[in-house]
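Have a look at the structure below before the remarks.
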Amino acid sequence: GGTMKRRAGEREKELKKKKLLEELGENRLPYLTPADADFHQLWKTKYPKLIFRKSDTVPDELHQMVQKGFLTLREHGCFFQDLVRIKGKDFLTPVSRILIGNPGCTYKYLNTRLFTVPWPTEGYNIKYCSTQIHDACKALIRLNDYLHIEAVKTLQGQNLFETKEMKDTAVIDREQSFATSLVGQGSVSKDQSYVCVTEDDSISLKNRTSYNLTLLNYMDPLQMLYLKQEPYYGMGNMAVSWHHDENLLERSTVAVYSYSCEDSAVEESNEQELKGRDPAVWHVGLKVAWDIETPGLAIPLHQGDFYLMLDDLNMTHQHCVLAGLSPRFSSTHRVADCSRGTLEYIFGQCELALQNLQTDSDSMALSLKSLETAVVKQVEEIHNEVEFEWLRQFWFQGKRYLKCTDWWLKPMAKLEEFWRKMEIMTSLVLCEVRKGQQLEEQKNETISCFLLVLKERQKLRKEWAER
């Protein structure tokens, strides 16, 4: 069901996109950069949930820790291009990535599951391959804490303006606060901090800003043979095409810290006659999804700048990353929707499945407790989940995590043990059905349901073998 619906949705999007590009022909939609007069007005009215902070708002010591961490991870060869699957085809991403975050947490994008290199967390004994890698992960959890606090402050500042009881002066304050938030000074003037946030609000504020992982990106554009051109606005080279981030908690904030290894040479092409964005400088591009009336936005990113995508911005808008000339790292902090993406979850599923397996205390023979259709179906679906969402996803990208830590090896071995038992359970269902001691009707129901899940298993095994 889910797959069919998703396919249909994808097809519809493809058609929309094709139609739009055909309509455009040689023309390009307009977009603005800070060089344009209406840039701030457009930002304020159409993109108010994008918040930008210049690097000088971030403590120096944090910049140094994080930037050193990036370079360490690059030296140790910890960044990898992902093989992702789009519309049934596999592609290598131009950008190289690594996922760092809460132990046992994963993040799935474009049909590829990434497993966190755990950052140092209390109560976990995490062995890193070197102290440098430990320090890099520690720097990123420090950055994570900092960005979490910044996001909470910003959202509280936004709330401020939504309280109806405020005087007319609030309107003026709002304009001013917006001006300062653009240049990245403190969020709210002190005399207004009396606005209270209700308990409920503060819980969801906390949930929607409690990043559980960061996806790190690295790319050196000059090493790339070619980069896709941005198709709608003519913004130039893209490192990452237009997209919405997926697999996130609804309405959660995404925070992005950018570190481009600029020489002062690259700093700025002094051609101010340049129309559009400076191709030497990295930018983030934004557009309103499925809207060709609103001009796009291209915002330059310099060493140590960061931006926040608040609330539903990631749903209503799309973003892309435009490549400059220098190599660039970014750390993109997210609240991944982990409901089905943590070790704790998948171990729970396995325990549930194995409740249907019993061992005879004398003969040690294995047998199934129940052959009820619902029970068999649930077990076989968990069997598929552990095999295709976990074991194959993990080993598919090779042993790359081992460059940082061996943390995942034990849990994977344990999952594999569970999987072996489920393989036995599958063959036990077959044995029982062959014995034919159930009623004909119940037997047929069990078989047809069982076959569906097995067919899916066959199909997926074939697909993974090809990948």
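The values are calculated or read from the model by the stated rules, or taken from the named source; none is laboratory data. Fair warning: this is a prediction, and the values are worked out from it, not measured in the lab. All Cβ positions, glycine included, derive from the backbone under ideal geometry; neighbour counts span all protein chains shown. Accessible surface areas use protein heavy atoms only, side chains included; no ligands, DNA or RNA. Shrake-Rupley method; radii C 1.70, N 1.55, O 1.52, S 1.80 Å.
Key figures
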| quantity | calculated |
| --- | --- |
| Pairwise centroid distance, computed over Cα atoms, of region 343-391 with region 306-332, Å | 42 Å |
| Links that overshoot a 29 Å alpha carbon limit, given the list Lys13/Lys153; Lys108/Lys410; Lys18/Lys462; Lys138/Lys421 | Lys13/Lys153; Lys18/Lys462; Lys138/Lys421 |
| Calculated from backbone phi, Karplus (6.51, -1.76, 1.60) coupling profile of region 356-361 in Hz, x at Gly/Pro | 8, 10, 10, 10, 5, 5 |
| Rounded to 5, percent antiparallel among DSSP beta bridges of the chain | 95 percent |
| Helical mean residue ellipticity (222 nm; -39500 (n - 2.57) per DSSP H run of 4+; nearest 500) of the chain | -13500 deg cm²/dmol |
| Karplus (6.51, -1.76, 1.60) ³J(HN,Hα), θ = phi - 60°, over region 211-217, in Hz, Gly and Pro reported as x | 4, 9, 6, 10, 9, 8, 10 |
| Cα-Cα separations in the chain greater than 28 Å, expressed as whole percent | 59 percent |
| For region 279-406, convex hull of alpha carbons as volume per residue, Å³ | 204 Å³ |
| Isotropic mean projected area of the C-alpha convex hull, region 20-95 (nm²) | 9.7 nm² |
| Eligible aspartates and glutamates near Lys87 by straight Cα distance, threshold 14 Å, same-chain separation 8 or greater | Glu10, Glu12, Glu14, Glu463 |
| Radius of gyration and maximum dimension Dmax of region 343-466, Cα, Å | 16.2, 55 |
| Only Lys, Arg (+1) and Asp, Glu (-1) charged, at Cβ; the chain dipole about Cα centre in debye | 1300 debye |
| FRET efficiency, Leu21 to Glu441 (Cβ-Cβ, R0 56 Å, nearest 0.05) | 0.55 |
| Mean accessible surface per residue for the chain, computed with a 1.4 Å probe while every protein chain stays in place, in Å² | 52 Å² |
